[in-house]
1. In nm, give the distance between the simple-model label positions of V165 and L89, each being 7 Å from the Cα along the Cα-to-Cβ direction.
2. Restrict the search to the range 80-142; then list the GluC sites (Glu not before Pro) that DSSP places in a loop and that have at most 11 other Cβ atoms within 10 Å of their Cβ.
3. Using the Cβ atoms and a cut-off under 9 Å, what net charge is assigned to the surroundings of P54, where Lys and Arg are +1 and Asp and Glu are -1?
4. Select from L96, A120, A163 the residue farthest towards the positive end of the dipole of the range 78-165; place +1 on Cβ of Lys and Arg, -1 on Cβ of Asp and Glu, and compute about the Cα centre.
5. Using 0.36 nm per residue, how much length does the chain from A42 to H152 gain when fully extended, once their Cα-Cα distance is taken away?
6. Could you tally the net charge around R86, taking each other residue with its Cβ under 13 Å from the Cβ of R86, Lys/Arg +1 and Asp/Glu -1?
Amino acid sequence: MAHVELSISEAFVPPATSSLDQERESDGFGDADRRIEPDGFARWSDTVSTAAEPCLLIDRSTTIAAVSSSCCRLLGLGTPLHAIGRALLDSELRLLDFTAARGELTEQDVEKIPPLLALASGRLARGLLRVRCGTEGSDSTFDAITTPILAHGGVAGSLTFFAEV
């Protein structure tokens, strides 16, 4: 089984400048050197899009913001361009329970899958998922580890790494 270690830290935000500092910089010389840093969610979106590992980034509304090509293949989501902008649960992906009947998860159980649990709790979440990709696809089981992505003091989304079991 693959071993995943994940460490997320807050981005460094420089302290606000005083009005005196702003007046000194308003001469136009300092403005060209200042860069607007993307927030953590935007940086993770860029990282996930180019990752070799199966990973998925969803926003607060559970819309797929970024997905790696390997995750698309693993979960049967089509191509990253096809998956981005779609709701995670609106895809052909069917979440199954671990009974012998392999029935679809109830709405209550769906809320407990790691990507959604991390959004709701603001904490790390890990668990096994059994999925059926497509209407005639085969069942697969995945280990999913998810961390919430924080931006502007709140949960902006979640980042999930998958490993096939």
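Nothing in this text is a laboratory measurement; each read-out follows from the coordinates by a stated rule. What you see is a predicted model; the values in this text were computed from it and never measured. Note that each Cβ is placed from the backbone with ideal geometry, even for glycine, and that neighbours are counted across all protein chains shown.
1. Taking the two extended label points, one gets 2.1 nm.
2. Answer by residue number: E136.
3. -1
4. A120
5. The span from A42 to H152 would gain 38.4 nm if fully extended.
6. Local net charge: -3.
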